[in-house]
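Structure record follows, encoded as structure tokens.
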Amino acid sequence: MQFLLANEGSVFLEHVTETSPLEAYTILERISIIMADDIRWVKTHCARLDHGGCALLAGVKDNRIVKIKGDPEGFLNKGYVCYKGLASAERLNHPSRLKHPLKRTGERGEGKWERISWEEALETISGNLDKIKAELGARAVAFCQGMPKGLEHFALIRLANIFGTPNVVGTQDVCHAPREVTGVHTCGFYPVADFHHPSRLAVLWGSNITSTNEEGEICRLLLDRMKNGTEIMVVDPRRTALVSRARLWLQLRPGTDDALALGFLNVIIEEGLYDEPFVENWTHGFDRLAAHVKAFTPAKVSETTWVPPDLIREGARLYARSRPASIQWGNAIEQSSTTFDISRALVCLMAICGNLDVAGGNIKANEPKMLPLGKFVRADLIPSKPKEMINAAHGAIPRLMTVPPSLFKKAILDDFPYPVRGAYMQGTNPLVAYAQSPQTFDALNKLDFLAVADIFMTPTAALADVVLPVATHFEFNDIGHCGLGHGILLARPRVVDPPEECWPDIKILNELGKVLVPGEYWYEDYEEMLDALLKPGGYNYTQLVERGFLKGESLFNKYESRGFKTPTGKVELVLSQAEKWGLPPLPRCRGLQASQDPDYPLILTSRKSRYYLHSSYRWVDSLRRKNPHPKIEMHPETALEYGIQDGDEVVIETKMGAITQVAHLTDAIHPKTVYAAYGWWFPESSAESQYGWKRSNYNMLTSAENIGKEFGTPDLKGIPCRIRPDTAPKP
């Protein structure tokens, strides 16, 4: 019998298949096309509000999303959805949304534009990038991505590879790459916390999981584990929501995670609490590690971290004795120039306690069968990429395959290791997101050509030569979580149609590819990319939508038959090829007694907002009402000392600059620390001022000079600062 089945990627019933009535009913029920009160409910997954992952039910009426709620059957969220997800449809019909390609008519940053056709936009971009390539070579052009949201990241890499440039710029230096790449070098894989199986203990190390839900670690999974007996330990400078339910809270000084992790290793090794059989059979360099961490006694580590020695001992013992235990390491640990050493120390900690590659510990999440990403991005066309990337001249760690922003800017401003003169950017707002914003401003203005694709005009887009309007994730078919290392692929089918001239990023790249590089490498229709990725697993996109997600096989203790995918076949507590790579063989510490500048007596750090994604969505009215101003959080004792009251405007100063934010008093933080809001600009301002990017922007206070060698990571946390009331006259 033949039935029409709903393709979630469209507002139409269009996919025809032979099936029984019962099978048809089951599929229809599963994909939730529910007609009630003229609202059609469609299943999809969230995106562009983080990496996404939450399964959603979108209520559609007249090609508009009128309601969003969490899908109780969601694999990762089980019905949970955050504030951003609930408000996400407000972007679609916002009056300030970009709806047509624009070309600059005045001076760069002057805010003068003319509407152009897509054909002219693509020809303008292609012509300028080709001109730069002809004059300076392909590597003088960079393709830039913010936090990857879906398949567009890999389509961008594909375009760069075919064009011939090795330079894909990404913010992975402060998010994901240090954990992933360090894990690969140390144990052969990216060790993610396994919340799908029981753990005795989960350590939230720099992870405020109830607010950020980063990558594939949605808080609902952990909360369900806690209901069934999993204890938690929180390592965080701030009293986060789960501290009240934690067995222990270690309130460390921002930026001293390396010292604390080495202190844990000291206690566990000195007291013989490690997993002896695993250490003996499956680790390389244990004796050297043991000798190395002898200096990091709880008493010494306490001086740097502010964590009492007894609490360091208690935390180390709790982790060592709780097997299996997982460490959910948030990307806060990646926002320091010492992130390589922090990540190394934490993988060593997982290893000596026998928590690697075990259910409920930190695991390699096996990917479902799909086209290898190297083939998808056509890595074969640029085999010399690792040697030609900007990174190579700086001695960055092997396998770091995106260019850190700080090194990208150096290439533009100093022509080192070679000139970069053109850039294409998508899903990124560097003027606010990159460290040392004034330097970023200078770099963007030095480019001969800049194209930006985004949903709204941003401070960065306001400096572009061409601006392209993109579709939101509700408006096109996509695949989520691809390449994130969490072992799942998520269906993100189209829910409504976009405005006529708003194109998905992957369509833009596909069409730009046809005019910029040989068309044979691209597809007649961009959606063919989705099927190409899924084909090796025996699926097409329609079948993925019907299933909702694909998950790799759960396999544990694989090392017992295969060993670890490292040069020694073991977890490398001491890196066996450290000298070859120019890396330290053992995890280091910045210094047991961190220096303090008396002119900058407070410690500055930041945290993510549950209402925004980095610099995005301050134009979404419902979210802006919940968080209307950039807030600097400080302890009441600190406010009293500096004569500041709640709601006062406060000047925050570092050696790099000064900004103004609004005081918010809280005892959730240490009196010696202040938390400034990150990612702020003001959409209500003007394009010619780049939307007030200087006034409250956290990265006016950071430096892109003293960066970590391995990943090019700047210090975004643990920065000496000072504060004072803002007494300047208000305009």
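The values are calculated or read from the model by the stated rules, or taken from the named source; none is laboratory data. A quick note: this is a predicted structure, and the numbers were derived from the prediction, not measured. Glycine gets a Cβ as well: all are built from the backbone with ideal geometry, and neighbour counts include every protein chain shown.
Screening Ser616, Ser609 for residues that are farther than 26 Å from Arg724 by Cα and in the same structural domain as Ser696 (by TED's automatic domain parsing) leaves exactly one candidate, Ser616.
Residue count for the range 141-165, restricted to those that are small (Gly, Ala, Ser) and surrounded by fewer than 22 Cβ atoms within 10 Å (Cβ to Cβ): 1.
Give the residues of the range 90-128 that are among the hydrophobic types (A, V, I, L, M, F, W, C), more than 18 Å from Thr460 (Cβ to Cβ) and touching a Lys or Arg at 6+ places or on another chain (Cβ under 8 Å), sorted by residue number. Can you show your working first?
Let us first name the residues in the range 90-128 that are among the hydrophobic types (A, V, I, L, M, F, W, C), namely 92, 98, 102, 113, 116, 118, 121-122, 125.
Among the residues that remain, those that are also more than 18 Å from Thr460 (Cβ to Cβ) are: 92, 116, 118, 122.
Leu92, Ile116, listed by residue number.
Could you count how many residues in the range 410-424 are among the aromatic types (Phe, Trp, Tyr) and either in contact with a strand residue (DSSP E or B) (Cβ under 9 Å, 6 or more places away or on another chain) or within 11 Å of Lys446 (Cα to Cα) (or both)? Give the steps one after another, and end with the answer.
Let us first name the residues in the range 410-424 that are among the aromatic types (Phe, Trp, Tyr), namely 416, 418, 424.
Right, trim to either in contact with a strand residue (DSSP E or B) (Cβ under 9 Å, 6 or more places away or on another chain) or within 11 Å of Lys446 (Cα to Cα) (or both) and you get 424.
Result for the range 410-424: 1.
Being within 20 Å of the chain's Cα centre (by Cα), surrounded by fewer than 23 Cβ atoms within 10 Å (Cβ to Cβ) and touching a residue at least 24 places away in the same chain (Cβ under 8 Å) narrows it down to one residue among Ser207, Ser211; which is it? Before you say what the answer is, go through the steps one by one.
Working: Ser207 fails: surrounded by fewer than 23 Cβ atoms within 10 Å (Cβ to Cβ).
Answer to the selection: Ser211.
Can you work out which of the residues in the range 595-636 that are of a type in the set (A, V, I, L, M) and over 22 Å from the mean Cα position of the chain (by Cα) is surrounded by the fewest Cβ atoms within 10 Å (Cβ to Cβ)? Per the stated criteria, the residue is Leu602.
Scan the range 503-536 for residues that are out of contact with any His (no Cβ under 9 Å at 6 or more places or on another chain) and in a loop (DSSP other than H, G, I, E, B) and the total you get is 8. Return yes when Glu123 is outside the structural domain of Arg624 (by TED's automatic domain parsing), over 30 Å from Ser609 (Cα atoms), loosely packed, with under 14 Cβ neighbours inside 10 Å and not aliphatic (A, V, I, L, M) and no when it is not. Judged against the criteria, Glu123 is not a match.
Tell me, yes or no, whether the range 491-509 has at least one residue that is farther than 22 Å from Leu613 by Cβ, in contact (Cβ under 8 Å) with a residue 40 or more places away in the chain and among the aliphatic types (A, V, I, L, M). No: zero hits.
Assigned by TED's automatic domain parsing to the domain that holds Ala299 and modelled with pLDDT of 95 or more: which single residue out of Arg245, Arg220 fits that description?
Numbers: Arg220 fails: modelled with pLDDT of 95 or more.
Exactly one residue qualifies, and that residue is Arg245.
For the range 317-364, filtering for residues that are over 19 Å from Gly285 (Cα atoms) and in a strand (DSSP E or B) leaves 7. A search for C-beta distances below 6 Å between a residue of the range 534-558 that is over 27 Å from Pro191 (Cβ atoms) and any residue that is of a type in the set (D, E, K, R), counting only pairs 6+ apart in sequence or on different chains, returns Asn540/Asp531; Tyr541/Asp531; Val545/Glu8. Beta carbons closer than 8 Å, at least 6 apart along the sequence or on distinct chains, never pair a first residue in the range 72-100 that is at positive phi with a second that is among the small types (Gly, Ala, Ser) and surrounded by fewer than 20 Cβ atoms within 10 Å (Cβ to Cβ).
Just checking, which of Trp329, Trp306 is within 16 Å of Ala261 (Cβ to Cβ), surrounded by fewer than 21 Cβ atoms within 10 Å (Cβ to Cβ) and in contact with a Leu (Cβ under 7 Å, 6 or more places away or on another chain)?
Numbers: Trp329 fails: surrounded by fewer than 21 Cβ atoms within 10 Å (Cβ to Cβ).
Of the residues listed, the single one that is within 16 Å of Ala261 (Cβ to Cβ), surrounded by fewer than 21 Cβ atoms within 10 Å (Cβ to Cβ) and in contact with a Leu (Cβ under 7 Å, 6 or more places away or on another chain) is Trp306.
Residue by residue through the range 430-449, note down the ones that are crowded, with 23+ Cβ neighbours inside 10 Å and in contact (Cβ under 8 Å) with a residue 40 or more places away in the chain. Result: Pro430, Leu431, Val432, Ala433, Tyr434, Ala435, Ser437, Thr440. Taken over the range 627-643, residues that are over 19 Å from Pro720 (Cα atoms) and either of a type in the set (Val, Ile, Thr) or touching a residue at least 60 places away in the same chain (Cβ under 8 Å) (or both) amount to 2.
Gly216 - would you say it is surrounded by 21 or more Cβ atoms within 10 Å (Cβ to Cβ), outside any helix (DSSP H, G or I) and either out of contact with any Cys (no Cβ under 7 Å at 6 or more places or on another chain) or touching a residue at least 24 places away in the same chain (Cβ under 8 Å) (or both)? Against the criterion (surrounded by 21 or more Cβ atoms within 10 Å (Cβ to Cβ), outside any helix (DSSP H, G or I) and either out of contact with any Cys (no Cβ under 7 Å at 6 or more places or on another chain) or touching a residue at least 24 places away in the same chain (Cβ under 8 Å) (or both)), Gly216 qualifies.
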